[in-house]
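The values are calculated or read from the model by the stated rules, or taken from the named source; none is laboratory data. Here the structure is a predicted model, which is why all the values come from computation and not from measurement. For neighbour counting, all protein chains shown are included, and Cβ atoms are generated from backbone atoms with ideal geometry for every residue, glycine included. The area values use the complete protein model at the heavy-atom level, side chains included, leaving out ligands, DNA and RNA. Shrake-Rupley method; radii C 1.70, N 1.55, O 1.52, S 1.80 Å.
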Amino acid sequence: AEVTVVESEPTPLHTVLGPELGALFTDLHREHGVRFHFGSRLTEIVGQDGLVLAVRTDDGEEHPAHDVLAAIGAAPRTSLAEAAGLTLIDPAYGGGIAVDAALRTSDPDIFAAGDVAAAEHPLLDSRLRVEHWANALNSGPAAARAMLGQEVSYDRVPYFFSDQYDVGLEYSGYAPPGSYDQVVCRGDVSKREFIAFWLKEGRLLAGMNVNVWDVTDPIQQLIRAGARPDPEALADPGVPLASLLA
């Protein structure tokens, strides 16, 4: 199939990886024949007799098409929380139900977990709403412990993985565009066998291993420790990541 991707951002995965690493995945998909139309949104599907003929975008372009897959993301279902009078987060800032580090809402007798919960993250010093099955898997038991009166601080390092063609990646941490001032890579980026690190004023915010395995634990340990590793050592494959904890 010939594939055209209409994407409102300037690169794939831009809101997670930023432009530097997003460009790498642009190249990856283009090598497999994918065409991109960045900076626009789909506004209309044109068809006749029940068949799709084309799609139109908000910049006036028309793209021939026979099938359309609309991957438009997810929106947190907060109507029940709103009816209960709970504090919600403005959709412009990610949306969801506001909860503290123990997953407690603005009503101390009500808790929220999973994709809908916008939690104060004690480690990252920010409020996060994570759309990933690992968050749903781990935050539910944490909320249950808090309901039982235990001291709870839900501080798991955000994590996701993806497999695209022959490229596998694992991402840990949180470093959206605008939150970091440096990207450091170790390994061979041209061969797509490397680890990327996002830093802010020297502090490691996130790391992503691409076709390099068994490094998620030390990456998360560095993030959890608030490590400020030397960038040259961070970029050197000969320096064990665990040694940078010191």
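Quick one: count up the residues across the stretch 105-127 that are touching a strand residue (DSSP E or B) at 6+ places or on another chain (Cβ under 7 Å) and assigned to a strand (DSSP E or B). Even if it seems obvious, please write down each step before you answer.
Start the filter on the stretch 105-127 by keeping residues that are touching a strand residue (DSSP E or B) at 6+ places or on another chain (Cβ under 7 Å), which leaves 105-106, 111-112, 116-121, 127.
Pick out the ones that are also assigned to a strand (DSSP E or B) and you get 111, 117-121, 127.
Counting residues in the stretch 105-127 that are touching a strand residue (DSSP E or B) at 6+ places or on another chain (Cβ under 7 Å) and assigned to a strand (DSSP E or B) gives 7.
All but one of (1) in contact (Cβ under 8 Å) with a residue 12 or more places away in the chain; (2) open to solvent by 60 Å² or more (accessible area, probe 1.4 Å); (3) under 20 Å from the mean Cα position of the chain (by Cα) hold for SER106; state the number of the condition that does not hold.
So the condition that SER106 fails would be (3).
I'm trying to understand the selection: among the residues of the stretch 13-43, which are open to solvent by 80 Å² or more (accessible area, probe 1.4 Å) and more than 24 Å from the chain's Cα centre (by Cα)?
THR43
Taking the conditions exactly as written (at pLDDT below 95 and open to solvent by 40 Å² or more (accessible area, probe 1.4 Å)), does ASP125 satisfy them or not?
For ASP125, the condition - at pLDDT below 95 and open to solvent by 40 Å² or more (accessible area, probe 1.4 Å) - is met.
If you check every pair at least six apart or on different chains, which have Cβ atoms under 7 Å apart with a residue in the stretch 122-141 that is within 16 Å of ARG77 (Cα to Cα) first and a residue that is loosely packed, with under 13 Cβ neighbours inside 10 Å second?
GLU131/ALA74
From the list PHE25, PHE36, which residue is under 30 Å from SER126 (Cα atoms) and aromatic (Phe, Trp, Tyr)?
Only one candidate qualifies: PHE25.
Tell me whether the stretch 80-94 contains one or more residues that are in contact (Cβ under 8 Å) with a residue 40 or more places away in the chain and not β-branched (Val, Ile, Thr).
no
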